[in-house]
1. Suppose the filter is within 12 Å of the chain's Cα centre (by Cα) and either over 30 Å from Ala87 (Cβ atoms) or in a helix (DSSP H, G or I) (or both); does Ala45 pass it?
2. Which of the following residues is closer than 21 Å to Thr260 by Cα, surrounded by 17 or more Cβ atoms within 10 Å (Cβ to Cβ) and at pLDDT below 90: Asn133, Asn146?
3. Only one residue in Val160, Val184, Val171 is within 13 Å of Gly50 (Cβ to Cβ) and in contact (Cβ under 8 Å) with a residue 24 or more places away in the chain, so which one is that?
4. Which pairs do you get when a residue that is under 16 Å from Glu149 (Cα atoms), found in region 12-25, comes within reach of a residue that is among the polar types (S, T, N, Q), reach meaning Cβ atoms under 6 angstrom, with the pair 6+ apart or on two chains?
5. Looking only at region 78-115, which residues are among the β-branched types (Val, Ile, Thr), modelled with pLDDT of 80 or more and in contact with a His (Cβ under 9 Å, 6 or more places away or on another chain)?
Amino acid sequence: MSLAAMTATPVMAALMGGLVAAAATAVGALPVYFMRQVPARALDALLGFGAGVMLAASAFSLVLPGIEAATAQGAGPWAAGGLVGVAILLGAGLVMLIENTLPHEHFIKGTEGRHAHRLKRTWLFVFAICLHNLPEGLAIGVAFANDLEGGAALATGIAVQDLPEGLVVAVALLAAGYGRGRAVMVGVVSGLIEPVGAVLGASVVTASPLLLPFGLGFAAGAMLFVVSHEIIPESHRQGHEHYATGGLMIGFVVMMMLDTALG
């Protein structure tokens with residue numbers, strides 16, 4: 001039985017989809033208990049895979065449905081594309097504003113944001129991971145508000161990419177000096193922002209259906225910013241660009257096929 005069939009409303013479906021994505025992050029982090037070391041190129045390939053999934057999800061599950069929704073509401077081709085385009089830019093701009101304001105620490109790049117030196121490194125990592133996961137949750141919620149089957153496809157794709165993301169997070173924390181238990185715990189907790197974002201996105205769009213095209217574009221912009229500003233640079237920073245790019249291509253194709261088959 002599909003996720004859409006098990007839920008009665010878009011908000012409940014979004015909550016379930018967000019919880020599935022959060023659970024996938026947790027499952028991905030668990031192997032750190034038993035693994036001694038993961039090659040850096042494998043981690044970069046996994047980051048690239050996640051980036052590919054998010055790129056395909058943005059295009060096929062958010063941008064194109066957003067344009068279709070705007071057209072169905074009476075907008076012409078230029079107006080529909082312009083509305084979704086503006087929403088994409090605003091979604092990216094909001095994440096950029098949050099990223100510049102909220103103190104956080106990248107695994108390789110180091111600390112960013114205001115007053116980052118005042119917080120313990122664990123919390124800086126948590127904030128960085130939340131910056132990655134919040135747009136995913138919003139995307140799940142808005143997608144379910146648009147179409148239950150399409151939302152299920154997007155939630156499945158994000159859950160698939162959250163499996164390696166959870167592993168990457170836990171391994172990075174382990175390499176930064178955290179114990180295995182704490183690394184896994186932070187990886188598990190980091191996914192909990194996704195159901196929150198999913199419920200928020202679905203609630204706003206459901207309450208005002210006219211916001212649907214804007215909400216789809218906004219979620220896409222937030223995800224695109226994270227892919228370009230965070231994930232791809234991190235996956236290329238250690239010199240394994242070919243592995244990262246290969247992972248991105250595979251992730252893109254996997255999400256495209258999921259969207260085609262399930263959406």
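1. Values: within 12 Å of the chain's Cα centre (by Cα): no; either over 30 Å from Ala87 (Cβ atoms) or in a helix (DSSP H, G or I) (or both): yes.
Here the answer is no, as Ala45 does not meet what is asked.
2. Of the residues listed, the single one that is closer than 21 Å to Thr260 by Cα, surrounded by 17 or more Cβ atoms within 10 Å (Cβ to Cβ) and at pLDDT below 90 is Asn146.
3. Sole residue among the options that is within 13 Å of Gly50 (Cβ to Cβ) and in contact (Cβ under 8 Å) with a residue 24 or more places away in the chain: Val160.
4. Once the first residue is under 16 Å from Glu149 (Cα atoms) and sits in region 12-25, its partners that are among the polar types (S, T, N, Q) give Ala13/Thr7; Met16/Thr7.
5. Hit for region 78-115 is Val95, nothing else.
The values are calculated or read from the model by the stated rules, or taken from the named source; none is laboratory data. Just so it is clear, the model here is predicted, and its values are computed rather than measured. Quick reminder, even Gly has a Cβ in these numbers, built from the backbone with ideal geometry, and neighbours come from all protein chains shown.
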